[in-house]
Amino acid sequence: MSGPIEDLAGLDQLVHNPARLAILTALSSCQSADFVFLQNITGLTKGNLSTHLGKLEGAEFVEIEKSFKGKKPNTRIGITEAGKAAVDRHWSKLENLRESSKRMKLDGANTEG
Amino acid sequence: MQDAEPVRSLTSAFNSLRGLIFVPLGLYLLLGAGWWSWYEVWEPISGGLALIVLLISVWLVNLYYSRSFGEVEDDDRGRVRKAWILGSLLVALLVSGMWDGITRPSISVFGLTIAAFILLYAWATVGLRVRYIAVCVLVVGVSFLQVLGIATYEQTHGVVMPVVLGTSLIVVGIMDHALLVRRVRIVRSKVRAQRS
């Protein structure tokens, strides 16, 4: 059974970034979302968000579709199967990390007592 | 970000929390309630006029949400669930409306049907919040007005029901919108806190 340090080291840094984690978590709960929604929930600037999406697209975790609604550009983002698996795996690891930390705290308290 | 739940629940409930869409619908019901003389004065165009205003208002509200909050496409499960609820609601309202129209029962089956669907909609989308249960109780109460001798059939269906439903839609819609704003703010602040 791995300890919390090993779990921490095993986290995917591409997914672990807070903004990218929020993006992937949101996208795993819907079919797709547009750029404005993701910008709203992350609080990122357009440039920053585009950069993060570019990284996720490069890793084939998301698919980006650009179109026009009338004259306004519309960008829709959907998560891929690989992206869904990655973010689910990540949250599972974080949960294991939390449990390991709790166990360590309890063990430490018992030892001191 | 410590927890996936705030992001997941915001995203999956996003389309259902766009509550301002209920406001034009609530106003439409209020305008059409039988106690306004404008409706009769402007007949036969009053119905069509009110419907046009409703459609334009709903389009404007959708535009506001799209530009300010963005758009989320529900996953297949969410879409199918909403389609079932909406489809069943339309059929049930049609049948119960016809039933009440023909049999004129002392307890409004139409009202009870609406109350049941309010609960079903809330359970399936935003959760059984107190405001939805309160609206459900109000509508059930209105359904019993005739049998309690408080109102006639015409007063119940023509005035009280549209006024109660219209007002409830407006209030609940505004509250759902406020909840959407709050949840977006919470998620954004959590992500920002983790980034700094």
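Taken over region A:25-34, the criterion of being facing another protein chain (nearest Cβ under 7 Å) and among the hydrophobic types (A, V, I, L, M, F, W, C) is satisfied by A:Ala26, A:Cys30, A:Ala33.
Looking across region A:54-70, the residues that are in a loop (DSSP other than H, G, I, E, B) and closer than 21 Å to A:Asp88 by Cα come down to A:Ala59, A:Glu60, A:Phe61. Selection of region B:130-155 for residues being in a loop (DSSP other than H, G, I, E, B) and without any contact (Cβ under 8 Å) to a residue 12 or more places away in the chain yields B:Leu148, B:Gly149, B:Ile150, B:Ala151, B:Thr152. Going by the conditions given, is A:Thr51 part of a helix (DSSP H, G or I), hydroxyl-bearing (Ser, Thr, Tyr) and facing chain B (nearest Cβ under 10 Å)? Judged against the criteria, A:Thr51 is not a match.
Looking at region A:21-33, which of the residues that are more than 15 Å from A:Lys93 (Cβ to Cβ) and not polar (S, T, N, Q) is surrounded by the most Cβ atoms within 10 Å (Cβ to Cβ)? Applying the filter and picking the extreme gives A:Ile23. Does region A:32-46 include one or more residues that are farther than 15 Å from B:Gly70 by Cβ and in contact with a strand residue (DSSP E or B) (Cβ under 6 Å, 6 or more places away or on another chain)? Within region A:32-46 (the criterion being farther than 15 Å from B:Gly70 by Cβ and in contact with a strand residue (DSSP E or B) (Cβ under 6 Å, 6 or more places away or on another chain)), the answer is no, since none of the residues qualifies.
Do the conditions hold for B:Gly101, that is, is it surrounded by fewer than 16 Cβ atoms within 10 Å (Cβ to Cβ) and outside any helix (DSSP H, G or I)? The answer is no for B:Gly101. Going through (1) surrounded by 15 or more Cβ atoms within 10 Å (Cβ to Cβ); (2) in contact (Cβ under 8 Å) with a residue 60 or more places away in the chain; (3) of a type in the set (A, V, I, L, M, F, W, C) one by one, B:Ile186 falls short only on (1). Might you let me know whether region B:165-172 holds any residue that is in contact with a Ser or Thr (Cβ under 7 Å, 6 or more places away or on another chain) and either within 14 Å of another protein chain (Cβ to nearest Cβ) or not charged (D, E, K, R) (or both)? No.
Filtered by the rule that a residue be open to solvent by 10 Å² or more (accessible area, probe 1.4 Å), without any contact (Cβ under 8 Å) to a residue 24 or more places away in the chain and not polar (S, T, N, Q), region A:34-53 gives A:Val36, A:Gly43, A:Lys46, A:Gly47.
The residue list A:Leu97, A:Leu53 contains one member that is modelled with pLDDT under 95 and aliphatic (A, V, I, L, M), which is A:Leu97. When A:Glu63 is tested against (1) surrounded by fewer than 19 Cβ atoms within 10 Å (Cβ to Cβ); (2) modelled with pLDDT under 95, exactly one condition is not met: (2). Scanning region B:173-195 for residues that are of a type in the set (Gly, Ala, Ser) and more than 9 Å from chain A (Cβ to nearest Cβ) turns up B:Gly173, B:Ala178.
The values are calculated or read from the model by the stated rules, or taken from the named source; none is laboratory data. Just so we're clear, the structure is a prediction, and the values are computed from it rather than from any experiment. Please note: Cβ atoms are built from the backbone with ideal geometry, for glycine as well, and neighbour counts cover all protein chains shown. In case anyone asks, the SASA skips ligands and DNA or RNA and just uses the protein heavy atoms, side chains included. Shrake-Rupley method; radii C 1.70, N 1.55, O 1.52, S 1.80 Å.
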